[in-house]
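Here the structure is laid out as structure tokens; the discussion comes afterwards.
We did not get these values from a lab; they are worked out from the coordinates using the rules stated. Remember, predicted model here, so these are calculated numbers, not experimental data. Ideal geometry is used to build each Cβ from the backbone, glycine not excepted, and the neighbour counts take in all protein chains shown.
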Amino acid sequence: MFENYNYYRFEAAYQQYGIRASRCKEFLFKGDPLADATVAALSKLSCGKATKVLNQLLNEGSAAVPDAPEALRELFAQLETVPLWVDWERVDRGSQMVMQLSLLINPVLTLYSVPLMYASPAGTKPLVYTGNLVQRAPRRMGETSRFVRLTCQPGGLKRFSEGFKLNVKVRLMHAQVRRLLLSSGQWNTETLGIPVNQCHMAWTLLLLSMGVIQGLRQLGINFTQDEVESILLLWAYSGYISGVDSELLCMSETQAQRLMLLLGAQEGAPNEDSRNLVQSLRTLPLPGQLHEEAWFAELASTLSRSLLGDHLADALGIPPSAWTWSVPLIRPFLSMFSEAQRHIPEVADLAVDWGITTWETLENNLFAGPGEIKLPSR
């Protein structure tokens, strides 16, 4: 199933980063012990019982289910312990900043962050294994958009909030994918690492946080240091809830940039699966007649190539565009917008309303209704 391909560039990474690269490689073979033990325990229950116990824990807390399996009690003990580094006031500032820029975040996700996720030839393999690589692209993008929106809305990561619950569900879904792939007999751990491993979970987390910030900056949006660190703190806590190892959580721009460079250095070049997945993003269903407008496709290609750089865009099969002149024109307007929403409350409120409406409209076009975690079968 897995062709002879250089999924990683360990030697090049080691030459550049030395012992840090060796340490980073270890995380390719590490999953999420608490979540992995939880899905194993749930697999011993009937589907109805597993669903009931999980929903009770999510909706009522661990005290409501004293007889839950030990693995679930240990997982929820971690989930219900808020680390000392979580500053809710700063998390709220990060949420507010994301909400104010929500009108622009979905394009950055679609044209920059998600293509960078798909550029990992090993990271895409769980999607390849599950099939419908291209056909399920709209639903995957809708789920990603919903995950970002619920995580970043005000209070989204408070216990019992929808964002908190979704982070836990995603964590258990990843554990279930690991369990199924490792037990299938078709997964080559030596070549690929553990499916949905710590490196790829951290890479995804960084692209949803620092990656979005980088993309917005390239489009002309300005951030203060406090705004950047508040957004990173928000996502660090999301990573804590969703099972990312504490060594890979970043709360400063320097940490995030260094880890992104390190993780990127060990990844192999994009392969055909990467190109097929990125192509699927270019054909996502959109509201109205936008998907039929040639100018919209040209603008999307231009923005994507501008954000990714020509070399990576070529490797991902994103076609050249004649609209390169448009990006320098867009940046000043977006820069003025970012300053206006920072200093004029009415502009900020309008930006939030427009952004959330656009976000929800796109999600409704991409998939119908929220997905539920598929509990393990016996």
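Radius of gyration over Kirkwood radius for region 162-288, both on Cα atoms: the Rg/Rh ratio is 1.00.
Paramagnetic label reach from residue 298 (point 7 Å along Cα→Cβ; backbone nitrogen cut-off under 14 Å): within region 322-336, residues 322-327. Give me the percent relative contact order of the chain, please, defined on Cα pairs under 8 angstrom at least 6 residues apart. Normalised by residue count, the contact order of the chain is 31 percent. GNM remark for the chain: springs join alpha carbons under 10 Å apart, and the peak mean-square fluctuation among 231, 105, 221 falls on 221. Rg over Rh for region 89-157 works out to 1.06, both radii taken from alpha-carbon positions and Rh defined as the Kirkwood radius.
A straight chain from residue 20 to residue 350 at 0.36 nm per residue would run longer than the Cα-Cα distance by 114.3 nm.
Applying the criteria of a DSSP loop state and at most 16 other Cβ atoms within 10 Å to the chymotrypsin sites (Phe, Trp or Tyr not before Pro) of region 158-194 yields 160.
Working from label points 7 Å from Cα in the Cα-to-Cβ sense, the residue 364 to residue 254 distance is 4.7 nm. For a modelled paramagnetic label at residue 136, 7 Å from Cα along Cα-to-Cβ, no residue of region 44-62 is in reach, as no backbone nitrogen comes under 12 Å.
At 7 Å along the Cα-to-beta-carbon direction for both residue 217 and residue 247, put a label point, then send me their distance in nm to one decimal. If labels sit at residue 217 and residue 247, their model points lie 2.6 nm apart. P(r) tail, the chain: Cα-Cα pairs separated by more than 41 Å, 10% of all pairs.
Counted by Cβ distance under 14 Å from residue 316, the other residues give a net charge of -2, where Lys and Arg count +1 and Asp and Glu count -1. Could you tell me the relative contact order of region 90-223? Use alpha-carbon pairs under 8 Å, at least six residues apart, and round to a whole percent. Relative contact order, region 90-223: 35 percent.
Expressed as a whole percent, the proportion of Cα-Cα pairs in region 171-239 lying more than 14 Å apart is 67%.
Which of 44, 25, 125 ends up with the largest GNM mean-square fluctuation for the chain, with Cα atoms connected below 10 Å? Largest GNM mean-square fluctuation: 44. Here each label is just a point 7 Å from Cα along the line to Cβ, and for residue 73 and residue 275 those points are 5.4 nm apart.
Lysine pairs in the chain 8 or more apart or on different chains: how many have alpha carbons under 21 angstrom apart? Lysine pairs satisfying the spacing and distance rule in the chain number 17. Were the residues from residue 59 through residue 189 laid out at 0.36 nm apart, the gain over their Cα-Cα distance would be 43.2 nm.
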